[in-house]
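These notes are about the structure you will find just below.
The values are calculated or read from the model by the stated rules, or taken from the named source; none is laboratory data. Remember, predicted model here, so these are calculated numbers, not experimental data. Here the Cβ positions follow ideal geometry from the backbone for every residue, glycine too, while neighbour counts run over all protein chains shown. Calculation scope for accessible area: heavy atoms of the full protein, side chains included, ligands and nucleic acids excluded. Shrake-Rupley method; radii C 1.70, N 1.55, O 1.52, S 1.80 Å.
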Amino acid sequence: MTDQPPLGSNPTPVPSSPSPSDTPGPKPSGGGGRWILICIVIGAVVFGGGYWYFNKRHPAPEQQAPAAAAPALPVTVAKPLAQTITEWDEFTGQFEAVDTVEIRARVSGYLDTIGFEDGQMVNKGDLLFVIDPRPFEITLKSAQSALNSANARLALAKQQLGRAETLKQKDFTSQSTLDQRQQEMLSAAADAQVAQAAINSAQLNLDFTHIAAPIAGRIGRHEVSLGNLIMGGDTGETTLLTTIVSLDPIRLVFDMSESDYLAYQRRAAEGKMESKREDLPVEAHLMDETDWTLKGKMDFVNNAVDRSSGTIRARAIFANPGLLITPGQFGRIRITGSEPHEALLIPDSAIVSDQARKIVMTVDKDGKVVPKPIRPGPGYQGLRIVRSGLSKDDVIIIDGLLRARPGATVKPEQGKIEFPPDPQN
């Protein structure tokens with residue numbers, strides 16, 4: 001017998017346990033596609049938001065329109081000032097006294113008297129110091145006594161010589177005796193001369209105890225007080241007592257460069273100015289003044305140029321009746337540098353430095369800026385002399401140089417060059 005069912009029967013199916021593949025739920029292939037789609041949507045949203053934010057904060061620059069031509073900037077222009085002038089060369093110098101004396105004693109002794117107040121004006125011959133004269137008075141009396149003794153010996157020698165000559169005429173004495181009497185007389189005369197010289201020396205030393213002012217001027221302070229021992233004599237170790245400086249007139253000493261000195265020499269050689277090494281009129285002022293109040297003349301130019309500094313020492317002399325100027329003060333001096341001639345003058349503010357060159361900005365008839373190199377000269381009453389590079393018809397910019405560029409077009413406004421006002425007025 002078999003276990004198979006009979007033919008034609010409907011067997012009842014036997015349920016089987018479900019397999020993992022038959023469990024309900026999303027299939028793996030379908031779920032992965034949805035996640036990818038979600039990620040793409042999120043990325044698109046983020047990218048779109050970032051793009052919108054970037055454009056909002058940093059918008060694209062708009063297309064700029066072509067720049068319009070810059071307008072012509074205004075500047076003030078003027079022609080150089082043409083004036084007939086006499087040039088002056090200026091130098092800085094120092095005043096010094098015409099006479100300066102150091103008062104020192106000629107004899108040694110103790111200081112007994114001071115006859116002045118420190119800093120006062122003294123006249124020539126005024127008594128300044130007295131050194132104790134008593135030792136020198138004693139020396140003088142001793143010399144006078146020696147002279148009296150020498151004169152007595154001389155008188156005796158003369159008498160003996162006279163008697164010897166009388167006896168010799170009568171042959172009562174020898175020639176040798178006569179010669180001896182002559183020699184004794186000559187010796188006594190020499191002794192008298194020595195005694196007289198000692199008196200003169202003692203009298204001179206006594207006079208030296210009274211020290212008087214050798215010049216008129218202002219005296220300094222006394223360097224030694226009363227009662228101190230003064231060392232005098234002819235050696236360099238003598239005691240300095242005080243100093244005196246003269247004040248009227250007074251000198252101004254200054255140094256000029258070799259080029260300035262050579263320019264003076266050439267002008268004189270070419271006949272452009274009168275050659276006056278001395279007595280040349282000059283003007284000066286003190287450091288707190290602007291006007292040339294002092295009138296004087298040159299009185300000395302050195303005979304050689306200093307090799308180390310390349311300058312030559314010169315000196316002028318000025319009257320100082322009010323005693324305003326004191327030796328040692330500084331001053332400004334100017335000397336005539338040329339004969340009267342026509343010159344072009346411009347303000348210093350119109351001059352521009354271009355490395356080693358000096359230029360001015362000119363404006364042509366079309367309003368364009370044209371630079372011109374110039375050679376400036378010395379200053380003159382607040383303006384600058386132009387040696388070369390400009391003509392009196394040139395139009396230069398005197399104000400607004402910061403707005404002027406070479407080749408640029410400017411709007412010129414007419415101005416005028418004038419001498420600046422005198423600050424004293």
For segment 154-176, the count of residues that are among the hydroxyl-bearing types (Ser, Thr, Tyr) and either surrounded by 14 or more Cβ atoms within 10 Å (Cβ to Cβ) or at pLDDT 80 or above (or both) equals 1
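Looking at segment 365-380 only, could you name the residues that are open to solvent by 60 Å² or more (accessible area, probe 1.4 Å) and either modelled with pLDDT of 90 or more or in a strand (DSSP E or B) (or both)?
Once the filter is applied, which keeps residues that are open to solvent by 60 Å² or more (accessible area, probe 1.4 Å) and either modelled with pLDDT of 90 or more or in a strand (DSSP E or B) (or both), segment 365-380 yields Lys368, Lys372, Pro373, Arg375.
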Flagged in segment 270-283 as modelled with pLDDT of 80 or more and open to solvent by 40 Å² or more (accessible area, probe 1.4 Å), in numbering order, are Pro281
Taking segment 381-425 and keeping residues surrounded by 14 or more Cβ atoms within 10 Å (Cβ to Cβ) and under 27 Å from Arg334 (Cα atoms) leaves Gly382, Leu383, Arg384, Ile385, Val386, Gly389, Leu390, Ile417
task = Might you let me know whether segment 141-153 holds any residue that is surrounded by fewer than 13 Cβ atoms within 10 Å (Cβ to Cβ) and not in a helix (DSSP H, G or I)?
result = no
